[in-house]
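Below is the structure I would like to discuss, written out as structure tokens.
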Amino acid sequence: MKHPYQNLPAKAFWRTAVANKEMLSISDLWSPKIELNKKTRIATFGSCFAQHFGKALRDRNYAWVDGEIAPQVMAEEDRKRFGYEMFSARTGNIYTTSLLKQWISWALGYSDPPDEVWEIDGRFYDPFRPNIEPNGFESVAEVMKSRNVTINALNNTLRRANAFVFTLGLTESWSHSLGNYEYPMCPGTIAGKYSEEVHKFEAQSFTTVYENLRESIAMMHSFNRNLSFLLTVSPVPLTATYSGKHVLVSTSASKAILRAAAETLVQDLDYVDYFPSFEIINSPVFQGRFFGKNMRSVTSEGVSFVMKNFFEARKANQMPSPDLEVGKKHSAAPKPINLKEEVLCEEELLSAFGPVDQDDEKI
Amino acid sequence: MKKFNICMIGASHITSFDLGWREISHAFPQVNITAVPGGGSFYNEFYSDLADKTLKVKNAVTNHRIMKNYGNNGAIDLSDFDLCLVTGGIKWWAGIDLRLYSLQVRDSILFEHIKASLAFPLTEVIRQISNIPIYLTLAPFTPRRDGSFGRSSVGYSEDIYRINSRLFKGKNIEILPQIEESMVKGMLQSKLEYAVGERSHPANPAEGELPAILDDLVHLNPAFGARFLAHILEKHAIYPTEDFSGFPLATGHMSLAEKETHCLKGK
């Protein structure tokens, strides 16, 4: 061998892997490091984009862990409205690694959730899942009871799962400065009251993001040694930033930090893998075709392309499981993904607070 | 004396009300009940004629029954009535574990269950032409012959209250819980004595002929219907003019054979 590049596969070279290919035939973007097959019990959590993973896994008859099961008789649209089947427990969106650490810490008994509850017009909201119950809960006691059900469901999910898929979404966060706990949404946006004295904004650094992710994974892995992790970075840009910078610049910083944190952990830990959702949607190679008119929302084509890469890489990496064989009963192609129907994303509500623009596209 | 007129619509469970009313109607001279019986899922045969504001049916057999019991060519003018009683068109729901789910989740499922019932669409049809008060009764709870117990009734009254105060709020529609005396205490289960002597559909029996005894543990007997109707009338401050305790009401202390005989006494 004259030099190390000589025997590399085609995917290692831009010309053969990208430049010479039609964009939709670019493949081999992910070589799975951890095993995910139809027997792997997979839990999914994270930002809005994570909801696509859960749904795609369910549609393809993977063993997606439903740790907090909706009542059997509940209508499908109501299940979504009440936050069932969006993630493996009813946590709502977990946008940041610090919020992930908070939930994991509660679920595994490292800390207790605070007793803060928000009230609007006699209805009560869980500050840690403000959108989980449309119109809020009937009482403070019901908020607490429901939160405990979810915490127990998360514990049970972590116990049962073999794989934990987490979509990293944001680096900007709001927390209670005295209680030192984080909210998924800035108080006052969905519910609650914002107070400059009490509520603290943070544009999290790489170190913060990385440490929180590493600690979250450490807690989960010490609880369940069979658990492996698949990280991915949401390709969806920020709806709004409080950093003082342009939202496009903040988006770049945020995604770079998240991507770097994920990559560092993948390099450090053999049970952590990364799937390139962010790259598939955001690479200049795809010329922005997977974004809607507002260049933020990912189109159903984009989501389908991401999931196609996910499942094809998995197939290429291992022997097909019986259900994937042609002609088998469960091998029917999944339904096309409709992003607007399938995903509930609190963060998008922030766009309502921006200045009105006649050309605004409704997301 | 102004008559209190009730339009009573129902499928098979109307039988106990209809036969029960025949037994006690003499004690309520100011009340007139017009029965509109049908089979199975006949609730969805109704439609409103917006032109003449009447309730009509698509099915010729049901139309014939209406003509026989009411007239007007089978078109029901609800302004002739003070109350519309729709019997038995709602089966009670299975419930959910409230240790796991919120009250709002419960409401969402419960209300969808009610909306999916046989009787609910009929209420919407009626509301297109009339604001008449509507009472809905549930299909009665199943009794058990072997002495075992069914589901607990914990939460039952609360569920009924939530349907009436939320789903039917401002709609002048009310679900009436099954009368307490007909239920095993603490259970969603009818007392066995109310399921003795229950009869098949009286839709159009020949003069003087009673329909056959079912004894099917699904339908309840005339004693149940009579008591339920007396309870409904009491809600409207209408009381019997004479004691009808001679009517064979269930006592709960008889054998099945004795109850059977008792229910038929005087027929």
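Considering only the stretch A:1-57, state which residues are touching a Ser or Thr at 6+ places or on another chain (Cβ under 8 Å), among the small types (Gly, Ala, Ser) and crowded, with 16+ Cβ neighbours inside 10 Å.
Across the stretch A:1-57, the qualifying residues are A:43, A:46, A:47, A:50, A:54.
Are there any pairs, at least 6 apart or on different chains, whose C-beta atoms fall under 8 Å, with the first in the stretch B:102-128 and at negative phi and at the interface with chain A (Cβ under 10 Å from one of its Cβ atoms) and the second of a type in the set (S, T, N, Q) and surrounded by 17 or more Cβ atoms within 10 Å (Cβ to Cβ), and if so, which?
B:102/A:146
Something else: In the stretch A:232-247, which residue that is in contact with a Leu (Cβ under 9 Å, 6 or more places away or on another chain) and among the aliphatic types (A, V, I, L, M) is surrounded by the most Cβ atoms within 10 Å (Cβ to Cβ)?
Among residues in the stretch A:232-247 that are in contact with a Leu (Cβ under 9 Å, 6 or more places away or on another chain) and among the aliphatic types (A, V, I, L, M), the one surrounded by the most Cβ atoms within 10 Å (Cβ to Cβ) is A:233.
Then there's this: Within the stretch A:64-85, how many residues turn out to be open to solvent by 20 Å² or more (accessible area, probe 1.4 Å) and away from chain B (no Cβ under 12 Å)?
Going residue by residue through the stretch A:64-85, those that are open to solvent by 20 Å² or more (accessible area, probe 1.4 Å) are A:64, A:66, A:69, A:72-73, A:75-77, A:79-81, A:85.
So of that shortlist, the ones also away from chain B (no Cβ under 12 Å) come out as A:64, A:66, A:85.
Total satisfying the criteria: 3.
Taking into account only those residues within the stretch B:149-163 that are of a type in the set (S, T, N, Q) and under 10 Å from residue B:187 (Cβ atoms), which is nearest to the chain's Cα centre (by Cα)?
Looking only at the stretch B:149-163, we keep the residues that are of a type in the set (S, T, N, Q), and these are B:152-153, B:157.
Pick out the ones that are also under 10 Å from residue B:187 (Cβ atoms) and you get B:152-153.
Details: B:152: 22, B:153: 19 Å.
The qualifying residue nearest to the chain's Cα centre (by Cα) is B:153.
If you don't mind, another one. Of the residues in the stretch B:135-172, how many are of a type outside the set (Asp, Glu), more than 18 Å from residue B:17 (Cβ to Cβ) and not in a loop (DSSP other than H, G, I, E, B)?
Within the stretch B:135-172, residues that are of a type outside the set (Asp, Glu), more than 18 Å from residue B:17 (Cβ to Cβ) and not in a loop (DSSP other than H, G, I, E, B) number 11.
Considering only the stretch A:115-153, how many residues are within 24 Å of the chain's Cα centre (by Cα) and more than 14 Å from chain B (Cβ to nearest Cβ)?
Adding up the residues that qualify gives 3.
OK, next. Somewhere in the stretch B:152-173, is a residue open to solvent by 30 Å² or more (accessible area, probe 1.4 Å), in contact with a Ser or Thr (Cβ under 7 Å, 6 or more places away or on another chain) and either more than 23 Å from residue B:102 (Cβ to Cβ) or of a type in the set (A, V, I, L, M) (or both)?
Taking every residue of the stretch B:152-173 in turn, none turns out to be open to solvent by 30 Å² or more (accessible area, probe 1.4 Å), in contact with a Ser or Thr (Cβ under 7 Å, 6 or more places away or on another chain) and either more than 23 Å from residue B:102 (Cβ to Cβ) or of a type in the set (A, V, I, L, M) (or both).
Check off (1) part of a loop (DSSP other than H, G, I, E, B); (2) in contact (Cβ under 8 Å) with a residue 40 or more places away in the chain for residue A:115 and give me the number that stays unchecked.
(2)
Scan B:5, B:44, B:32 and give me the residue that is touching a Pro at 6+ places or on another chain (Cβ under 7 Å), under 26 Å from residue B:128 (Cβ atoms) and not β-branched (Val, Ile, Thr).
Step by step, each of B:5, B:44, B:32 is checked, and only B:44 is touching a Pro at 6+ places or on another chain (Cβ under 7 Å), under 26 Å from residue B:128 (Cβ atoms) and not β-branched (Val, Ile, Thr).
Next question, about the same structure. Go through the stretch B:10-35 and count every residue that is among the polar types (S, T, N, Q) and open to solvent by less than 10 Å² (accessible area, probe 1.4 Å).
Of the stretch B:10-35, the ones among the polar types (S, T, N, Q) are B:12, B:15-16, B:25, B:30, B:32, B:34.
Next cut, open to solvent by less than 10 Å² (accessible area, probe 1.4 Å) only: B:15-16.
Looking only at that region, the number is 2.
Answer yes or no as to whether residue A:265 is in contact (Cβ under 8 Å) with a residue 40 or more places away in the chain and not hydroxyl-bearing (Ser, Thr, Tyr).
On the way: in contact (Cβ under 8 Å) with a residue 40 or more places away in the chain: yes; not hydroxyl-bearing (Ser, Thr, Tyr): yes.
Taking the combined requirement at face value, the residue satisfies it.
Within 14 Å of another protein chain (Cβ to nearest Cβ), of a type in the set (A, V, I, L, M), assigned to a loop (DSSP other than H, G, I, E, B) and buried (at least 18 other Cβ atoms within 10 Å of the Cβ): is that true of residue A:94 in this structure?
Details: within 14 Å of another protein chain (Cβ to nearest Cβ): no; of a type in the set (A, V, I, L, M): yes; assigned to a loop (DSSP other than H, G, I, E, B): yes; buried (at least 18 other Cβ atoms within 10 Å of the Cβ): yes.
No: the conditions fail for residue A:94.
Would you check if residue A:196 is among the acidic types (Asp, Glu) and buried (at least 17 other Cβ atoms within 10 Å of the Cβ)?
no
For the stretch A:117-161, give me each residue that is touching a strand residue (DSSP E or B) at 6+ places or on another chain (Cβ under 9 Å), crowded, with 17+ Cβ neighbours inside 10 Å and aliphatic (A, V, I, L, M).
Correct list: A:117, A:132, A:143, A:154, A:158, A:161.
Restricting attention to the stretch A:283-298, and to residues there that are closer than 15 Å to residue A:351 by Cβ and of a type in the set (Gly, Ala, Ser), which single residue is surrounded by the fewest Cβ atoms within 10 Å (Cβ to Cβ)?
Among those that are closer than 15 Å to residue A:351 by Cβ and of a type in the set (Gly, Ala, Ser), it is A:292.
Another question, then. With the checklist (1) within 14 Å of chain B (Cβ to nearest Cβ); (2) in a helix (DSSP H, G or I); (3) open to solvent by less than 30 Å² (accessible area, probe 1.4 Å); (4) within 21 Å of residue A:223 (Cα to Cα) in hand, flag the one item residue A:89 doesn't pass.
Only one criterion in (1) within 14 Å of chain B (Cβ to nearest Cβ); (2) in a helix (DSSP H, G or I); (3) open to solvent by less than 30 Å² (accessible area, probe 1.4 Å); (4) within 21 Å of residue A:223 (Cα to Cα) is unmet by residue A:89, namely (2).
Would you check if residue A:77 is of a type outside the set (A, V, I, L, M, F, W, C), closer than 22 Å to residue A:94 by Cα and more than 18 Å from the chain's Cα centre (by Cα)?
Criteria met by residue A:77.
Mind telling me which of the residues A:223, A:229 ends up being hydrophobic (A, V, I, L, M, F, W, C), open to solvent by 40 Å² or more (accessible area, probe 1.4 Å) and on the phi < 0 side of the Ramachandran plot?
Numbers: A:229 fails: open to solvent by 40 Å² or more (accessible area, probe 1.4 Å).
Testing whether each residue is hydrophobic (A, V, I, L, M, F, W, C), open to solvent by 40 Å² or more (accessible area, probe 1.4 Å) and on the phi < 0 side of the Ramachandran plot leaves just A:223.
Any chance you could count how many residues in the stretch A:40-83 are assigned to a helix (DSSP H, G or I) and of a type outside the set (Gly, Ala, Ser)?
Residues meeting the conditions: 13.
The values are calculated or read from the model by the stated rules, or taken from the named source; none is laboratory data. Computed from a predicted model, the values in this text were never measured in an experiment. Positions of Cβ are backbone-derived with ideal geometry, glycine not excepted, and every protein chain shown enters the neighbour counts. Note: areas computed on protein heavy atoms with side chains; ligands, DNA, RNA excluded. Shrake-Rupley method; radii C 1.70, N 1.55, O 1.52, S 1.80 Å.
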